[in-house]
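For reference, the structure discussed in these notes is given below.
The values are calculated or read from the model by the stated rules, or taken from the named source; none is laboratory data. Quick caveat, the model's predicted, so the values are computed rather than measured. All Cβ positions, glycine included, derive from the backbone under ideal geometry; neighbour counts span all protein chains shown.
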Amino acid sequence: MPWVEMNKPLKKRIDSLTRTPKGLHPLANLNQESKSHKLLTALSEADPEQFPYESIYAFGWSGKLDGPSRKKAAQRLYAALGELTATYKRTYGIAPPIILISHSHGGNVILHMAPFYQQYDDIAIKKTVLIACPVQQDTASAPNNPLFGKVYSLHSHVDIVQIMDPQRLQPYREAFLQWQETKSWTPLKEAYLLSLEQPLFSERHFPTSSRLIQANICWNSFTPYSDPQASSTNKLETFINWAMNHLIQQKRGVLHSEFITPEFIQHLPVILTQLDKRMATGNLPKQDIDIVI
């Protein structure tokens, strides 16, 4: 918003609360009032054994909605993980098992690391958790890459934001910039032909894989309080109460923004434990596993 851009102190304050600084940062170094700090602290408090506070890091990137920005962020993330692994090896003599957790296009930043596989031999990613990741053509097969260990795709069938990113329009971004410089229509023509090869919007599901498990996450609704001693003779009131109880008792899918709230994050360790058990059986379903929290 222009008035925020003009107010530099206000913009700096908003950025400090909503954005993670670019690069990899220990949780303890983040602004304690920031969203990232609150989310990751909730994760650690929910399961300090699996997610100890001192071992949690946050990675910040531009967040721009285009493939080149995500690829650049992937290069930086991979290099940061290599440096972190080297530091742990010097200190403790062993490479740390890494769990990567992402939300939305952060998942595609992770998946764009696939081409760098084995550039650092010591990076040991144990689990990759993709929360509400828009499935795009150029990263859809990446969960098969051994770099990512076991891959968990968590999503909700009511999350419209996950699939709204029009990946077919991405080729036009760079082509338009080239047209501005050269006034040549060739880049736009090439972008048009390239766009025809891609789906219009993003997808919700990855192709099935022996490394991948996919789960549909829903909230468990609660029945509203009612006084068992009270009796209603009004038929309309009785019907409304019945209808409301019936509706409210139905489970509801998690919304895109709800995935990055402490209320959801505190359930994540239990969700992963459930999926670990299912993964251990080797009997992975082709369809989603429904999990109600």
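General remarks:
- Scanning segment 261-288 for residues that are crowded, with 17+ Cβ neighbours inside 10 Å, within 19 Å of the chain's Cα centre (by Cα) and aliphatic (A, V, I, L, M) yields a count of 5.
- Test: residue in segment 113-129 that is among the basic types (Lys, Arg) and either in a helix (DSSP H, G or I) or crowded, with 20+ Cβ neighbours inside 10 Å (or both): no
- Listed by first and then second residue, the pairs linking a residue in segment 85-97 that is assigned by TED's automatic domain parsing to the domain that holds Ala124 to a residue that is part of a helix (DSSP H, G or I), with Cβ atoms under 8 Å apart and 6 or more places separating them unless they lie on different chains, are Ile94/Tyr88; Ala95/Thr85; Ala95/Tyr88; Ala95/Lys89; Pro96/Ser55; Pro96/Leu84; Pro96/Thr85; Pro96/Tyr88.
- Some residue of segment 103-111 being touching a Ser or Thr at 6+ places or on another chain (Cβ under 6 Å), in a helix (DSSP H, G or I) and not aliphatic (A, V, I, L, M): yes
- Residue in segment 81-102 that is nearest to the chain's Cα centre (by Cα), counting only those that are surrounded by fewer than 14 Cβ atoms within 10 Å (Cβ to Cβ) and not in a helix (DSSP H, G or I): Pro97
- Test set (1) farther than 18 Å from Gln137 by Cα; (2) surrounded by 14 or more Cβ atoms within 10 Å (Cβ to Cβ); (3) at pLDDT below 85 - Lys189 fails condition number: (2)
- Residues satisfying the criterion are absent from segment 10-32 (criterion: surrounded by 15 or more Cβ atoms within 10 Å (Cβ to Cβ), modelled with pLDDT under 95 and assigned to a helix (DSSP H, G or I)).
- Options His155, His112, His105; residue that is closer than 18 Å to Asp288 by Cβ, assigned by TED's automatic domain parsing to the domain that holds Thr85 and either under 21 Å from the mean Cα position of the chain (by Cα) or in contact (Cβ under 8 Å) with a residue 60 or more places away in the chain (or both): His155
- Residue pairs meeting the criteria (Cβ under 6 Å; at least 6 apart or on separate chains; first at pLDDT below 70 and of a type in the set (A, V, I, L, M, F, W, C), in segment 230-254; second in a loop (DSSP other than H, G, I, E, B) and surrounded by 12 or more Cβ atoms within 10 Å (Cβ to Cβ)): Ile248/Ser221
- If you go through segment 60-91 and pick out every residue that is within 17 Å of Ala124 (Cβ to Cβ) and either of a type in the set (Phe, Trp, Tyr) or touching a Cys at 6+ places or on another chain (Cβ under 9 Å) (or both), you end up with 2.
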